[in-house]
Each structure stands twice: as structure tokens, then as C-alpha cells.
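Structure first, commentary second.
Every read-out reported here was derived from the displayed coordinates using simple, explicitly stated rules and does not represent laboratory data. Since this is a predicted model, take the numbers as computed values, not measurements.
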Amino acid sequence: MKLKQALAALGALACMSGAHAQSANTFYVTTGWFHFMPQDGSDALKIDSVGGNPVNQSFPGTGAGISSSDTFGFSLGYFITDHLATEVELGIPPKFDLDGEGSLSTYGKIGTAKLWSPALLFKYYFNKPEAKFHPYLGIGVTHVSFSDAKITSNAFLQSAAVGGPTSVSTDSSWAPVFNVGFNYNFTKHWFAGFSLSYIPVSVIATLNTQKQTQVGVLAQKAEAKIHLNPLVTYLKVGYMF
């Protein structure tokens, strides 16, 4: 009888330790690795003005693309109900290479920039709270901006499209985030997961050049619209409080 009671107690303890904390009013944190895969393309480089005079000259066949990149990230989330959670995702800004495409491909890497894209997500988790496997669908919003953008190719700076010392700036943009993923709970508190996000977003890169001309140095303004549309994976481990 004592043996049966002991086994019953162990079974109850196992059930308790196997319970999972995904329920309303639960906070959680995650950390892991983001991988950004831009599905990029761009419009042709266009010169807007030279010496303050409108030009609106386009260079057909020119373009620029963004390389893939990785970075360390983390998130903070809160279960509003047993199935609905809100989450903020952040990461160390990854550094991207800007590569010439089309007739600019001969220049290879023409510049670099760092990407900022904090995101606010709402996720709906399937399965019961006590389940170990929790697939989810999410939707949210992110603010995309770049910093430390610069041209690194001297050959590109000397090209006909540029022709002098150039600074680069980009605009910022709000964009939707479409998210799918899953978590797997190992204990009441610890879990691991994977997610895939798609962000349809474009940015405009503006090139301000001190252009060398036959009449002297003139200020030139050019721009290119770059379509990023990245797929972003997040491999993570997390802890529920």
C-alpha cells in the first residue's frame, strides 16, 4: 500500500512539473538569433537636381540590392488570455552591404548601412495551455530605418552617375509584419521556438554629391527606391514567469 501511495505521489508530482505556464497574465522573455533575408530589388537611380536646377534624369538598368545579415535579438511578451499574447521584438542593429545591380553590378559592394526594425506583434497561440507544442499566427507593425549609411566604393563615387564625394541618407517607414511560428515547452518555465516573419517595406536612399563638373563643383541630389521585403527568421529560447 505504501508503495502504491508513493507511486501515486510521484505521478502527481510529475503532472505538476509537466504543467505549463502559458496562461493569461503570464510574462515571458526570449533571446536568440535573427536572420534577415531581403527579397530585394530597386528602381533605377535617378538624378533629381544638379546645382539646384531640376534634372529628373534616370539611369535605366541601374539598381541596388541588400545582402542578408544576422544579429542577436530578444523579446518581451505578455499573455492577455490563454491564447492571445502581445510581444515586442528587438535586436542589435545588423549591418548590411549595399550591392550594385544591373549596370552597377561591376562595382560590387558599393556601401553599408545598419538596420533598425523594432516590432510590436500580436500572436494567437493554438492548442491548450497545458500542451507542450504551441503553433501560432501573428500580425503586427514595425518601424524600419537605417543609420551609418555610407558609400564605400571609390570606383562608384567616380562613376558618371555620381562623380564626387557623396553622403547617403535614407527615409524611415512603418510597415506591417506577418508572422508564423511555434514554441515547444520543456518545463513549466523553459521553452524554445522558431518563427518566420515577412515585412513588405521599401525605403528611399538619397545621395547628396559634390559633383565635379566642367564649371566647377555643383551640389547633386540623386535617389533610388529600394524594395526590401525581407523574410526574417528567429531561433529562440525563452522563459515564462
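Annotation: amide H-H contacts under 5 Å for Thr62 (H modelled 1.01 Å from N, sequence separation of 5 or more, or interchain): Leu45, Ser103.
Helix 2-18 and the longest principal axis of the Cα set of the chain meet at an angle near 20°. Listed by chain and number, the lysines whose alpha-carbon sits under 24 Å from that of Lys132, ignoring those within fewer than 8 places in the same chain, are Lys123, Lys188, Lys236. Taking only Cα atoms and a 10 Å spring cutoff, compute GNM fluctuations for the chain and point out the largest among Pro60, Pro93, Pro200. With Cα springs under 10 Å in the chain, the top fluctuation among Pro60, Pro93, Pro200 is at Pro60.
Relative contact order of the chain: what whole-number percent is it, with Cα pairs under 8 angstrom and at least 6 residues apart?
Values: 666 pairs, mean separation 56.9, N = 241.
Dividing the mean separation by the residue count of the chain yields 24 percent.
Residues in region 51-68 carry Karplus couplings, in order, of x, x, 9, x, 10, 6, 9, 9, 10, x, x, 8, x, 8, x, 10, 6, 6 Hz; the curve used is 6.51 cos²θ - 1.76 cosθ + 1.60 with θ = phi - 60°, and Gly or Pro positions show x. Radius of gyration over Kirkwood radius for the chain, both on Cα atoms: the Rg/Rh ratio is 1.21. Taking the alpha-carbon distance from Lys211 and a cut-off under 20 Å, which lysines remain once sequence neighbours fewer than 8 residues away in the same chain are dropped? Cα-Cα hits under 20 Å: Lys46, Lys150, Lys221. Maximal additional length on extending the Asp70-Val180 stretch stands at 37.7 nm, based on 0.36 nm per residue less the C-alpha distance. Structural descriptor for region 26-122: relative contact order 27 percent, calculated from alpha carbon pairs under 8 angstrom and at least 6 residues apart.
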